[in-house]
Amino acid sequence: MRTIEKILEFCVILGFILRMMLVNNGYLIEGVSLLLIGIFYFIWSIFRFKDYSFRRKDQSTCIYDPISKRMSLLAGFGLFLTCSGAGQHMVFITSSNALVFLGMTILLIVAISETIVFIKEKRVHISRVYKRVFVWLAIGIGVWYMSGERAIQVIYRKHPRFIKAYKAVKKYPDNEKYREIMWNEYDKVMGKKTNRDSGGII
């Protein structure tokens, strides 16, 4: 299971690098990988809920406390929503922010609960599930913050004319003249004629 997770994480990082380098369709690799890793986490949490260990000798993967088992399942669901929402954001699905927000809310509840238990029971280490919760909670906040115009300003920071055209379209979405100017500037950024029906820009 860990091998699958590493492969998907590598694909997410690769897609992010390609997108930052403005490689055409790099966002698809990042988006699809995030969707897959979200599904992976949810399935993994179900196995943990049933006390199924893929490594029989590794007892740390088994959870015997009923409350911990339920929290693990809730964490898996939160990870699924956060990762899949982030993935949908990369492929321009408008409902993505709602999924990311809901996922982060669940992860925040799980993180607070785990922190309280960690302090109360004076645990020496925190479980691998909750390490992922804290990591993806931070990533979810980053995706939430970097949505829309902020992402455009970072990714296309070397192309101010395109950023200006994008802002004009956001301000006047029904103005076809501004939209055509934006696409022409985008073609200059990508160095070729792009498909107007492919979806969004980032």
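Readers should treat all values here as calculations from the given coordinates under stated rules, not as data from a laboratory. None of these values were measured; they are calculated from a predicted model. Virtual Cβ from ideal backbone geometry, glycine too; neighbours counted across all protein chains shown.
Phi-derived couplings, Karplus 6.51 cos²θ - 1.76 cosθ + 1.60 at θ = phi - 60°, listed residue by residue for the range 107-118: 4, 5, 4, 5, 5, 5, 4, 5, 5, 4, 5, 4 Hz, with x used for Gly and Pro.
Here the calculated FRET efficiency for MET190 and ILE116, from their Cβ-Cβ distance with R0 = 41 Å, stands at 0.25, rounded to the nearest 0.05. Just report the Cα centroid separation between the range 101-122 and the range 1-33, whole Å. Each part's Cα centre sits 28 Å from the other's.
Taking other C-beta atoms within 10 angstrom as a stand-in for reagent exposure, GLU121, GLU9 fall in the order GLU121, GLU9, fewest first.
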